[in-house]
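Peer 1: Below are the structure tokens for one structure; questions will follow.
The values are calculated or read from the model by the stated rules, or taken from the named source; none is laboratory data. On a predicted model such as this, the values are computed, not experimentally measured, just so you know. Because the Cβ atoms are built from the backbone with ideal geometry, glycine has one as well, and the counts that use them run over all protein chains shown.
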Amino acid sequence: MSYVIGIDSSTTATKAVVWDREGRAVAEGRSEIGLAIPRPGWHEQDAEDWWRSCATAVTLRNQVAGASEGTIAYTLAAIKDWTFLLGPGWVVGWGNGLILGYLMYRSELVPRQAAWLGLIGGPLIILSGTAVLFSGNDPSDTLRSLQGLATIPEFMWELFLGLYCTFRGFRPSSPILRADTHEDRPGAGPAVAPA
């Protein structure tokens, strides 16, 4: 049986409700969000409190007679799957692959050939994660295999970057680390004389 979960987070609380295909609410949860008032007229909330409130709200309690514990377990497992897909399965492609790969490529802090692993691996993870995202609850074995293969360049990029920076450090010949190139770049400040 398929379920839909809705999460609403406001300034005071996070509410979560699970509905079945017939539109009946089978479980719901609620968690308060703290509000700090550091001085009169100022109101603050911590983003960590939002996340904790959301996580607490989805540990749902049954509201409708007859709903089984399996309903809650299935719902929480689905939330875990989506979180894993959007976290390591999708965001890594943007952050570690594309953004970090691009910055390392442009800055030449590591060999440019290695940065291509991130520039290739990032989009592959994004594409495979998006394909799994739109395949529904049951992606094919072929799609899972392709997603595993798409992870290889990203894995190699992260492994290389960690080992390279640990044992070699950033390349001193990188344009952003060389003092003699600071004067050549438009808008750069004066070169710092060695002490």
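Peer 1: Looking at region 1-42, which of its residues are of a type in the set (D, E, K, R) and farther than 20 Å from Ala55 by Cβ?
Peer 2: Across region 1-42, the qualifying residues are Asp20, Arg21, Glu22, Arg24, Arg39.
Peer 1: Name the helices (runs of 4 or more DSSP H) wholly inside region 91-195 in which the number of residues that are at pLDDT below 90 is 1 or more.
Peer 2: Filter on region 91-195 gives 112-133, 141-167.
Peer 1: All but one of (1) surrounded by 14 or more Cβ atoms within 10 Å (Cβ to Cβ); (2) in the same structural domain as Met156 (by TED's automatic domain parsing); (3) at pLDDT below 85 hold for Gly87, so report the exception by its number.
Peer 2: Of (1) surrounded by 14 or more Cβ atoms within 10 Å (Cβ to Cβ); (2) in the same structural domain as Met156 (by TED's automatic domain parsing); (3) at pLDDT below 85, only one is false for Gly87: (1).
Peer 1: Would you check which residues across region 135-152 are free of Cβ contacts under 8 Å to residues at least 24 places away in the same chain and small (Gly, Ala, Ser) and list them?
Peer 2: Ser135, Gly136, Ser140, Ser145, Gly148
Peer 1: Restricting the first residue to region 153-166 and requiring it to be in contact (Cβ under 8 Å) with a residue 40 or more places away in the chain, which pairs with a second residue that is among the hydrophobic types (A, V, I, L, M, F, W, C) and not in a helix (DSSP H, G or I) meet a Cβ separation below 6 Å and a spacing of at least six or different chains?
Peer 2: Sorted first by the residue in region 153-166, then by its partner, the pairs are Tyr164/Val110.
Peer 1: Let me ask something else. Would you check which residues across region 90-133 are over 16 Å from Tyr164 (Cβ atoms), among the aromatic types (Phe, Trp, Tyr) and more than 17 Å from the chain's Cα centre (by Cα) and list them?
Peer 2: Correct list: Tyr102 only.
Peer 1: Given the conditions (1) touching a strand residue (DSSP E or B) at 6+ places or on another chain (Cβ under 9 Å); (2) exposed (fewer than 12 other Cβ atoms within 10 Å of the Cβ), report the number of the one that Ser10 does not fulfil.
Peer 2: Only one criterion in (1) touching a strand residue (DSSP E or B) at 6+ places or on another chain (Cβ under 9 Å); (2) exposed (fewer than 12 other Cβ atoms within 10 Å of the Cβ) is unmet by Ser10, namely (1).
Peer 1: Out of Glu28, Glu22, Glu32, Glu44, I need the residue that is out of contact with any helix residue (DSSP H, G or I) (no Cβ under 8 Å at 6 or more places or on another chain), more than 18 Å from Ile5 (Cβ to Cβ) and modelled with pLDDT of 75 or more. Which one?
Peer 2: It is Glu44.
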